[in-house]
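Asker: Right, I'll just put the structure down here and ask away after.
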Amino acid sequence: MKFEIKGIQFSTEEIGQLLVSLLVLSFAFSLVLYREKIFGATFSYTPTFFLNSLIVVGLAFILHEELGHKVVAQRFGYWAEYRAWPTGLFLAFIMAVLSKGSFVFAAPGAVMISAYHMYNHVNKEKMGKIAIAGSVVNIILALIFIGLSLIFTSELFAMGAQVNVWLAIFNMIPVGMLDGAKVLRWNRRIWAGVLAIAIILLLASGMIWTSLSA
């Protein structure tokens, strides 16, 4: 079943796959974000770890895919829907568990894109803009979370900043089907600029996270 919200088209299949991906990613990230508390002298995992991860990962992941990739693609006149990647979800889960929260592989799926007709083909420039939109959304969210964490000295806000900048940097890696490869083919300067901003924000959010965790 398909439906529309303010001009953006969705389907029940897409929503279902987004929810499954979100739950798996939230659990995997919770092991990373609360690694020291979970894998201490004894294993300790509480619902709060998952719920906090669900909040920050939910915003970072859903807005990256839907507000970033999907909205820009549909504005260009393309069909665009998120589809989960079962292998990526399995890797996110198993690597976070086996590494005891030291690493998470965040490639749960992607927004699939195609043109409605042959005269509106997906060219290099449009694909680059669609690809970079996700990381730009994460950078904006990171800036908001950094500001909030400085005002309210909240661990949850600092966590939100860390997750968003990490996703922005990971997606800008210029390999395979990651967004970075598409952006790099379109415009090297824009790719380098976005990556540099994300790295600076990673350092800033890391300092805030360290001070709050001390």
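Just so you know, all these numbers are worked out from the coordinates, no wet-lab data involved. Bear in mind that the values here come from a model prediction, so they are computed numbers and not experimental data.
Asker: Using each residue's phi in region 159-167, evaluate 6.51 cos²θ - 1.76 cosθ + 1.60 at θ = phi - 60° and report the 3J(HN,Hα) Karplus result to the nearest Hz, with x for Gly and Pro.
Answerer: Rounded to whole hertz, the list is 5, x, 5, 4, 4, 5, 5, 5, 5.
Asker: Scan around Tyr34 for amide H atoms under 5 Å from its own, H built in the peptide plane at 1.01 Å from N, and keep only partners 5 or more places away or cross-chain.
Answerer: Here the answer is none, since no amide H 5 or more places off falls under 5 Å of that of Tyr34.
Asker: Taking the alpha-carbon centroid of each part, what is the distance from region 178-214 to region 69-87 in angstrom?
Answerer: Between the Cα centres of region 178-214 and region 69-87 lies a distance of 23 Å.
Asker: Another question about this same structure. Using only the alpha carbons of region 141-214, what is the convex hull's orientation-averaged projected area in square nanometres?
Answerer: About 4.8 nm², averaged over all directions.
Asker: Any chance you could give the angle, 0 to 90 degrees and rounded to 10, that helix 47-62 forms with the longest Cα principal axis of the chain?
Answerer: Taking the Cα atoms of the chain, the angle to 47-62 is about 30 degrees.
Asker: Given Cα pairs under 8 Å that are at least 6 residues apart, what percent is the relative contact order of region 2-213?
Answerer: With pairs under 8 Å counted, the relative contact order is 19 percent.
Asker: Another question, then. Could you give me the ³J(HN,Hα) list for region 149-156, computed from phi with Karplus coefficients 6.51, -1.76, 1.60 and θ = phi - 60°, whole Hz, x at Gly and Pro?
Answerer: Whole-Hz 3J(HN,Hα) from phi for region 149-156: 5, 6, 6, 9, 6, 9, 5, 5.
Asker: Could you work out the equivalent-ellipsoid semi-axes for region 53-172, taking the square root of 5 times each eigenvalue of the Cα gyration tensor, largest first, in whole Å?
Answerer: 28, 19, 10
Asker: Cα axis of helix 12-33 to longest principal axis of the chain: angle in degrees, 0 to 90, nearest 10?
Answerer: Roughly 30 degrees between the two axes.
Asker: Just give me a number: lysine pairs in region 2-213, eight or more positions apart or cross-chain, with C-alpha atoms less than 12 Å apart.
Answerer: Qualifying lysine pairs in region 2-213: 5.
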